[in-house]
Amino acid sequence: KPITKYLLISIIIVNVTGIALAQPKDNSPFSQFGLGDFVDSDMPSSHAMGGLGAIYHDFFEANLENPASLGFLQYTSLQLGFMVKRSNYTRIDDKQTIWNGNTNHFSLNIPLINPLNEALERRESKFSWATSFSLRPFSQVGYNVSIVDEVDSIGTVQSNFRGYGGLYNITWGNGFKYKNLSAGINLNILRGQQVYESQTYFDDLSNAYNDAFNSTISYKGFNYRIGAIYELPLDLKAARGEDDKPSKLLSAGFFVNGKTNFNTKSDISRLSINSLTSDVDTAVYVTDASGEGIIPGPWGFGLMYRHAGDFRVGVDYQASKWSIYENTARPATMKDASKFSFGGAWIPDANSITSYFKRVEYRAGFYTKNDPRVIEESQVKEAAFTFGAAFPFIIQRNISWMQVGFDIGKRTGGDRLTDNFVRANIAFIFNDNAWFIKGKYD
């Protein structure tokens, strides 16, 4: 219907604009290091199960971590995700509570071979194909730190450090499924800009020059990701005997991401400013300085057991060789990263007509990971328990979903920096099975 199309276009424009212009409202000391705080790229649905990015797949939504999941998609889905986080930072004896939030993903996923056509024509195809367009943040910088020291023969020295900006992935993905095997590919463009500023003031010195440093770095890169998922029915013979579909399914999935070769353009200035005489001494002033670097590509593997529409449980492992990371514009020491996840989901009664909450899918999981960044010679580590739910609702005679998830966890950077956090993820999945319908007239 025209009103549905206009609503869809409006949502896309509003959210793409919001994601493109949004800056992280955060004051995270962790984001001073490397490329900033990495944004979880798994969907709220799989994240609430601990983060089963390599293996999660569903009829109603796309898993952007593994493009092979698109082969299982049976509905056009518009997916929008948001997050809110409360962090309690502790650095030595200083404590601070910070709230922040942002949009964390947008995607439009379309089955190009519509299953509804097959149902109308009373046939069942062994092949399916879906495509996806998405925009997701990769990393975010957001901090504002002030340090006051007492230095012999100089007096009070105040240093202010501020950083903001982020990197984003623009992705086109395709997934193809033949019988029980699905394979897919994502093509990713990495873009973004990060700004780093610092000022140093010598409060007790008369006629002193204060230092001001500014560095603006723009990134541009490209990478790809390939993945596969194989779903093995364990009760195929029994299901055929009852003229039904298999209900006990074991899936194995993996993905491999190519490394990102990126280029940078930097504007750098270092000024010494005398506040009394208004004299400015330019020590460094550079524009459009070219640089380059390498971001390693992660890989992941997962297993999942699913019992029809009742429950599913899975395990997932991902790793990335960040020790090969290079960035001539902003060098940093990184270590190899890894993540282990475990989780499951349960629907009390998917066909219940007397209780809405029996049709809700409840999820829980756990993850632990080694972040590639190094703070005071210690690798950043993070662990959290996750839980959430998927609430179905009907729009235009199609089932859609509101996904809600929560993390309760801890992140550490050495012995003196910790982050005890609670994070809430919320996502909306709007489904429609009327795209690419073939009309027939007698």
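Brief remarks on what is shown
- In segment 47-67, the count of residues that are outside any strand (DSSP E or B), touching a helix residue (DSSP H, G or I) at 6+ places or on another chain (Cβ under 6 Å) and among the aliphatic types (A, V, I, L, M) is one or more.
- Against the numbered list (1) part of a helix (DSSP H, G or I); (2) out of contact with any strand residue (DSSP E or B) (no Cβ under 9 Å at 6 or more places or on another chain), residue 239 comes up short only at (2).
- Only a single criterion out of (1) under 18 Å from residue 212 (Cβ atoms); (2) surrounded by 22 or more Cβ atoms within 10 Å (Cβ to Cβ) is not satisfied by residue 145, namely (2).
- All positions within segment 303-314 that are at pLDDT 95 or above and open to solvent by 50 Å² or more (accessible area, probe 1.4 Å): 303, 305, 313
- Residue count for segment 411-428 satisfying the condition of being closer than 25 Å to residue 61 by Cβ and buried (at least 19 other Cβ atoms within 10 Å of the Cβ): 3.
- Test: residue in segment 218-226 that is charged (D, E, K, R) and open to solvent by less than 30 Å² (accessible area, probe 1.4 Å): yes
- Pairs, first under 13 Å from residue 384 (Cβ atoms) in segment 35-58, second assigned to a helix (DSSP H, G or I) and open to solvent by less than 10 Å² (accessible area, probe 1.4 Å), C-beta under 9 Å, six or more apart: 40/47
- Residues in segment 340-355 that are outside any loop (DSSP other than H, G, I, E, B) and either in contact with a Phe, Trp or Tyr (Cβ under 6 Å, 6 or more places away or on another chain) or at pLDDT below 95 (or both) were compared, and the one that is least open to solvent (accessible area, probe 1.4 Å) is 341.
- Close pairs (8 angstrom Cβ cut-off, 6 or more residues apart or separate chains): free of Cβ contacts under 8 Å to residues at least 60 places away in the same chain in segment 136-153, outside any strand (DSSP E or B) and surrounded by fewer than 21 Cβ atoms within 10 Å (Cβ to Cβ) anywhere: none
- Residues of segment 24-63 that turn out to be within 20 Å of residue 380 (Cα to Cα) and more than 13 Å from the chain's Cα centre (by Cα), as a count: 12
- Only one entry of 399, 408, 394 meets the criterion of being in a strand (DSSP E or B), touching a residue at least 40 places away in the same chain (Cβ under 8 Å) and open to solvent by 30 Å² or more (accessible area, probe 1.4 Å), and that entry is 399.
- Number of positions in segment 99-112 that are buried (at least 18 other Cβ atoms within 10 Å of the Cβ) and hydrophobic (A, V, I, L, M, F, W, C): 3
- Of everything listed in (1) without any contact (Cβ under 8 Å) to a residue 60 or more places away in the chain; (2) open to solvent by less than 70 Å² (accessible area, probe 1.4 Å); (3) in a strand (DSSP E or B), the single unmet condition for residue 246 is (3).
- Matching residues, segment 411-430, being basic (Lys, Arg) and outside any strand (DSSP E or B): 416
- Identity of the residue in segment 166-214, modelled with pLDDT of 95 or more and among the small types (Gly, Ala, Ser), that ends up most open to solvent (accessible area, probe 1.4 Å): 183
- Residue count for segment 65-98, restricted to those that are within 19 Å of residue 37 (Cβ to Cβ), surrounded by 15 or more Cβ atoms within 10 Å (Cβ to Cβ), under 16 Å from the mean Cα position of the chain (by Cα) and not acidic (Asp, Glu): 4
- Failed condition for residue 384, given (1) aliphatic (A, V, I, L, M); (2) open to solvent by less than 50 Å² (accessible area, probe 1.4 Å); (3) modelled with pLDDT under 95: (3)
- Total residues in segment 254-302, condition assigned to a strand (DSSP E or B), open to solvent by 70 Å² or more (accessible area, probe 1.4 Å) and either touching a Pro at 6+ places or on another chain (Cβ under 8 Å) or touching a residue at least 60 places away in the same chain (Cβ under 8 Å) (or both): 3
- Within the span defined as segment 24-33, one or more residues are under 18 Å from residue 167 (Cβ atoms), open to solvent by less than 50 Å² (accessible area, probe 1.4 Å) and modelled with pLDDT under 80.
- Selection within segment 356-389 - assigned to a loop (DSSP other than H, G, I, E, B) and closer than 29 Å to residue 91 by Cα: 376, 377
The values are calculated or read from the model by the stated rules, or taken from the named source; none is laboratory data. Just so it is clear, the structure is predicted and the values come from calculations on it, not from any experiment. Because the Cβ atoms are built from the backbone with ideal geometry, glycine has one as well, and the counts that use them run over all protein chains shown. The area values use the complete protein model at the heavy-atom level, side chains included, leaving out ligands, DNA and RNA. Shrake-Rupley method; radii C 1.70, N 1.55, O 1.52, S 1.80 Å.
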